[in-house]
Amino acid sequence: MATLTVRDIDESVMKRLRSDAKRERRSLNSQILSMLDRAGLPSTERPRFDIPEELIARAQRAAWAELAGKWVGEFPPIERTFGREVEL
């Protein structure tokens with residue numbers, strides 16, 4: 001793989017990159033690689049990720065609230081036993 005070094009990046013650009021990386025739950029390096037990858041796509045194929053963070057958080061909370069208490073395991077719960085008696 002190739003390595004690229006970029007110098008003299010404006011601080012406001014770095015803040016935006018860090019913010020985007022945090023929102024997407026990626027490292028800064030992974031976020032930049034993802035952005036470069038998307039930039040190489042024709043504009044009609046580029047995904048749009050300009051969804052406000054609060055909207056994402058509300059959607060996640062709603063999804064968890066809907067799932068809460070509804071999970072049914074594949075097997076019935078195993079009751080805990082006291083184990084075997086041991087002489088000490």
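Could you give every pair whose Cβ atoms fall below 6 Å, whose first residue belongs to the stretch 38-55 and is surrounded by 10 or more Cβ atoms within 10 Å (Cβ to Cβ), and whose second residue is in a loop (DSSP other than H, G, I, E, B) and at pLDDT below 80, counting only separations of at least 6 or pairs across chains?
38/46
For the stretch 49-88, enumerate the residues that are of a type in the set (Phe, Trp, Tyr) and at pLDDT 80 or above. Working first, answer last.
Residues of the stretch 49-88 that are of a type in the set (Phe, Trp, Tyr), as a first pass: 49, 64, 71, 75, 82.
Within the stretch 49-88, just 64 meets the criteria.
Restricting attention to the stretch 1-37, and to residues there that are among the polar types (S, T, N, Q) and at pLDDT 90 or above, which single residue is surrounded by the most Cβ atoms within 10 Å (Cβ to Cβ)? Can you show your working first?
At the first step, the residues of the stretch 1-37 found to be among the polar types (S, T, N, Q) are 3, 5, 12, 19, 27, 29-31, 34.
Imposing the further condition that a residue be at pLDDT 90 or above reduces the set to 12, 19, 27, 29-31.
Working: 12: 8, 19: 12, 27: 11, 29: 9, 30: 12, 31: 19.
Step by step, filter the stretch 1-37, then rank; the result is 31.
The values are calculated or read from the model by the stated rules, or taken from the named source; none is laboratory data. These numbers come from a predicted model, not from an experiment. Neighbour counts run over all protein chains shown; Cβ positions are idealised from the backbone, glycine included.
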